[in-house]
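Engineer: Pasting in a structure now, in structure tokens, and then I'll have a few things to ask.
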Amino acid sequence: MKNITIGVIGAGLIGRKHLRKISEHRDYDLVGIADVNVDAVSAEYPETRVFADYRKLLDEVRPQAVIIASPNQVHAETGIECARRGVHILIEKPVTDTIESAAALMADVRKGGIKSLVGHHRRHHLQVRTLKALLGEGRIGDIVGVSAIWAAHKPADYFKTAPWRTEPGGGPVLINLIHEIDFLRFTVGEIKTVEAIASNRQRGFVVEDTAAALIEFDNGALGTFFISDSAVSPWTTEQGIGESPEFPFSGESSYRFMGRRGALEFPGLVQWTQAGDAQDWNQPIQAQRIHAPTLDPYVAQLDHFRDVIRGTTPSLQPVEDGARSLLATLAIAEAAATGRRVDLRERYAAL
């Protein structure tokens, strides 16, 4: 079977990660890169054509698929141009930066009949799939609630190299919390309502640096989430799961799922239960570590994208589902700005 010709739009931090994975993948041929820093990217990838304008990449190289790793604010425009040319897309999260632009992208994707996958790479971790299976089979009983933390201190260079991260849409809510919201939707269930508070006191940017959210799920479970890009801690999924060398491994669990019959830590996959299936706070509770093998989620994501393009499997997350994760995340930002609880049900229906 012929290799899939693929281009990458945006050669920043995440774009370069995709480029490394593509170069090692036997089922893809990299045929072009689009980035405004043409000279620097050309020097790094001398064997690949580099375009300042992604439209020229699409029109002159005509790839079968592209990975869109450009700033959030231009995801929709880029995805729409791809859809109108029949180019399949793996679009980095968030799928777009607004619900209106997400709806426009969804319309063109449907009209063009193209295959889409949103880059919430955590769905491809074996640890995540193991957790989802454990929760789904009722290992800890009905889920009562979940408590989670994502706290890390991003260095100054992170903002200097990409100033858009200091503006609305570039803070930890849309860049980092959206991963966690998608993860919670995937493992616990659909989100019904949210409340939140946010602060920009630590960095003083227009966008938030710290936020806390209350979450209500359709199944009745409740959740709390604390997120900050200005606090030093070992409690992030990246550090806990060891998914990338950029994030030193801590092995710490940043999630705790509580159920009627027990609890689960993630990503450590430690299960807490009482002997004889007891539900009694006067009885001891014991821990059991559950093993799940590790893999590179970005490689697994490329494998899945290949199969989606070839029509052998449905997309694990088409743009429609990515839009729901965006909607829930934006609702947290809205709740923080207004001080009100936001109900998502009618908004999902309107997508």
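Engineer: Please state which one of Leu344, Leu351, Leu302, Leu326 is more than 26 Å from Ile140 (Cα to Cα), among the aliphatic types (A, V, I, L, M) and in contact with a Pro (Cβ under 7 Å, 6 or more places away or on another chain).
Structural biologist: Sole residue among the options that is more than 26 Å from Ile140 (Cα to Cα), among the aliphatic types (A, V, I, L, M) and in contact with a Pro (Cβ under 7 Å, 6 or more places away or on another chain): Leu326.
Engineer: Using beta carbons and a limit of 6 Å, which pairs, at least six apart or on different chains, have the first residue in the range 237-256 and among the aliphatic types (A, V, I, L, M) and the second one modelled with pLDDT of 95 or more?
Structural biologist: Listed by first residue and then by second, the contacts come to Ile241/Pro267.
Engineer: Could you check the range 107-137 and list, in sequence order, the residues that are closer than 28 Å to His291 by Cα, open to solvent by 20 Å² or more (accessible area, probe 1.4 Å), assigned to a loop (DSSP other than H, G, I, E, B) and touching a residue at least 24 places away in the same chain (Cβ under 8 Å)?
Structural biologist: Within the range 107-137, none qualify.
Engineer: Here's a follow-up. Hey, Val41 hits all of (1) without any contact (Cβ under 8 Å) to a residue 24 or more places away in the chain; (2) in contact with an Asp or Glu (Cβ under 6 Å, 6 or more places away or on another chain); (3) β-branched (Val, Ile, Thr) but one; which does it fall short on?
Structural biologist: Result: Val41 passes all but (1).
Engineer: Something else: Here are Ala104, Ala83: which of them is more than 27 Å from Thr312 (Cβ to Cβ) and either open to solvent by less than 40 Å² (accessible area, probe 1.4 Å) or among the aliphatic types (A, V, I, L, M) (or both)?
Structural biologist: Checking each option against the conditions leaves just Ala104.
Engineer: Going by what's in this entry, would Val299 be described as open to solvent by 40 Å² or more (accessible area, probe 1.4 Å), within 21 Å of Ser116 (Cα to Cα), touching a residue at least 40 places away in the same chain (Cβ under 8 Å) and of a type outside the set (D, E, K, R)?
Structural biologist: yes
Engineer: Another one. Among the residues of the range 46-103 satisfying the criterion of being of a type in the set (Val, Ile, Thr) and out of contact with any strand residue (DSSP E or B) (no Cβ under 9 Å at 6 or more places or on another chain), which is farthest from Ile181 (Cα to Cα)?
Structural biologist: Residue satisfying both the conditions and the ranking: Ile80.
Engineer: Now for a separate question. Does Gln202 satisfy the criteria of being within 22 Å of Ile227 (Cβ to Cβ) and either of a type in the set (Phe, Trp, Tyr) or modelled with pLDDT under 95 (or both)?
Structural biologist: no
Engineer: Can you tell me which residue among Thr294, Thr313, Thr338 is more than 15 Å from Leu177 (Cβ to Cβ), touching a Gly at 6+ places or on another chain (Cβ under 8 Å) and surrounded by fewer than 21 Cβ atoms within 10 Å (Cβ to Cβ)?
Structural biologist: None of the other options fit; the residue is Thr294.
Engineer: Going by the conditions given, is Ala103 of a type in the set (Gly, Ala, Ser) and farther than 20 Å from Leu184 by Cα?
Structural biologist: In short, yes.
Engineer: Only one of these conditions is not met by Ile4: (1) of a type in the set (Val, Ile, Thr); (2) surrounded by fewer than 21 Cβ atoms within 10 Å (Cβ to Cβ); (3) closer than 25 Å to Ala162 by Cα. Which number is it?
Structural biologist: Only one criterion is unmet by Ile4, namely (3).
The values are calculated or read from the model by the stated rules, or taken from the named source; none is laboratory data. Just so it is clear, the model here is predicted, and its values are computed rather than measured. All Cβ positions, glycine included, derive from the backbone under ideal geometry; neighbour counts span all protein chains shown. When the accessible area is computed, the model is the full protein with side chains, heavy atoms only, and any ligands, DNA or RNA have been set aside. Shrake-Rupley method; radii C 1.70, N 1.55, O 1.52, S 1.80 Å.
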